[in-house]
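Every number here is computed from the coordinates shown, using simple stated rules; none is lab data. Since the structure is predicted, the reported quantities are computational estimates derived from the model, not experimental observations. Using ideal geometry, Cβ is built from the backbone for each residue, glycine included, and neighbour counts are taken over all protein chains shown.
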Amino acid sequence: MNVESHCLTYLLSLAIAMGLMSCDDQEGMTDEYFEVKNGYALSAGTSTIFNQSSHAYDLEAPWCTGSYLKRFNNGDQLYDDGPINNEGLGPVYCGYSCGSCHNNAGRTTPAAWTSSEGSGSNGMSAQLVYIASRNTGKFFQGYGRVLHDQSIYGVKAEGKLHTTKHYENFTFPDGEPYQLVYFTYEITEWYADSIKPEDLKISVRQPLRHVGQGQIMSLIPSELEALAAQSNYPEYGISGRCNYITERGRTSVGVGGNKANHLDLTVELGFSSDMGYTSTRFPEEVCAGQTQISQAAIMGYNYTKNEVSTADMEDVDLYMQSLGVPARRDVDNPTVQRGEQMFYKAKCHLCHTVTLHTKNEGTTLLNGTRLPWTGGQVIHPYSDFLLHDMGREICGVGLNDDFTAGLATGVEWRTTPLWGIGLQKLVNGHTYFLHDGRARNLVEAIMWHGGEGEASKNLFKNMPKSDRDALVRFLQSL
């Protein structure tokens, strides 16, 4: 490809990503347009790394050097292992460190697939179990937003989750069989009075990959708002919208979390709610007022205020926002190139937006440290970071979890960024996807798309098997 045609191709792809070209215009393009763009190897601009090992999610961006690298390494240790000797952990918690759920900054294998009970029993749940009242929609007093299903020695956990798997068989139009799995849940061994099952709703969330967080935190809100204004494709039933969130006294477009319900990486919230550490932002024990405090005292545990320092939490924030994003691989492979054509022809790009930009100033960490190197970049996250209704019709349940977050309803989910997705098996040893880990591979993840994803799913479903396989192979190159 010569320079002129490369530039034209890039501008065309950007126009598609921003919704500036009509679907009819895209339909009229020739296969030559859909060749892999050379610049897409730089998935995250200055934060792109060229590594295909099991550590590909867990390496610093090239600009992270000197004192920043020293802080990166401190944050890495705290992320993986927690404070020294886990002093301050609990009394109840979900995981003993960030890394217990985000192994190698990726996704630890979902407990639903590793435990017969579907809940970790070795101090590591690798999941968050949201619980709320079905009648009022509010959290239960004495439990908070998540079920703390782990606890220190001598202290009773809040409860234990049990998972039941349900299997349903389907067939592609060309005769190839596939299967979908979904989960139902029960909680037993409550630390206090049992909550009636009929008044209990549960949403289980598996961890997200943490690659590219610095770029995500540097996204331009107005660009996402423009995408929301332009992402109305009635012929495909697609209409994304922003989730407006207020955190730390400011309101903006949410970009983090399964439902775009966070403005930052919520490091302090993770230390507090997920691991049970107190800090200046969350000075109360997560189980304050519960019997676990007295149980811990009997066992000789002496909890103090601010068990994790702001400086250490900011180093964890720095670590997460300085992680590099693996460059694309096999971009010259004919099957990968054919798969990219199918990605566009299935209209996946209408939500999994290929190209976005970061604001010039970059990002600012939780204690005020600035990371300007994440700013002013052209990035390729394959997400619009908008909310989309993913439906409830598939298997009678779909992807609805009945939980709201900001403006997001139970059926609405943030478009998952796809960068780095092809290395998950190498980094984490599994290919479980979607918010609760129900999809065992990328085909199942696609076939769970309902609601606004129904049209793309059907376009994929009706492709010849060779084209379906090529599209999956393209995703594995990201």
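Ranking of Asp76, Asp174 by neighbouring Cβ atoms within 10 Å, starting from the fewest: Asp174, Asp76. Its DSSP H runs of at least 4 residues, each contributing -39,500 (n - 2.57), put the calculated 222 nm mean residue ellipticity of the chain at -7000 deg cm²/dmol, to the nearest 500.
Estimated from the Cβ-Cβ distance and a Förster radius of 56 angstrom, the FRET efficiency linking Cys395 and Thr291 is about 0.90. Given Lys201/Lys305; Lys345/Lys457; Lys345/Lys461; Lys201/Lys259; Lys259/Lys457; Lys138/Lys196, which pairs have Cα atoms separated by over 23 Å? From the list (Lys201/Lys305; Lys345/Lys457; Lys345/Lys461; Lys201/Lys259; Lys259/Lys457; Lys138/Lys196), the Cα-Cα distance tops 23 Å for Lys201/Lys305. Classify region 77-190 from the C-alpha gyration tensor, please: rounded if a/c falls under 1.5, else prolate or oblate depending on whether a/b exceeds b/c. The shape class here is oblate.
Does region 406-472 classify as rounded, prolate or oblate by the C-alpha gyration tensor (a ≥ b ≥ c root eigenvalues; a/c under 1.5 gives rounded; else a/b over b/c gives prolate, otherwise oblate)? Note, shape of region 406-472 comes out oblate. Sorting His349, His55 from the fewest to the most surrounding beta carbons within 10 angstrom yields His55, His349.
Residue ranges 416-424, 211-219, 225-233 sort as 211-219, 416-424, 225-233 when ordered by packing (mean number of other C-beta atoms within 10 Å per residue, highest first).
Which of rounded, prolate, oblate describes region 344-478, given a ≥ b ≥ c as roots of the alpha-carbon gyration tensor eigenvalues and a/c under 1.5 marking rounded, otherwise prolate only if a/b is larger than b/c? In terms of gyration-tensor shape, prolate. Note that region 454-470 has calculated 3J(HN,Hα) couplings of 4, 5, 5, 4, 5, 5, 5, 4, 8, 6, x, 4, 4, 6, 4, 4, 5 Hz, one per residue in order, obtained from phi through the Karplus relation 6.51 cos²θ - 1.76 cosθ + 1.60 (θ = phi - 60°); glycine and proline are x. Between Thr65 and Tyr244, the simple spin-label model (points 7 angstrom out along Cα→Cβ) gives 4.3 nm.
Debye-formula intensities of the chain, expressed as log10 I(q)/I(0) at q = 0.05, 0.10, 0.12 Å⁻¹, are -0.18, -0.74, -1.08 (one equal scatterer per alpha-carbon, no solvent).
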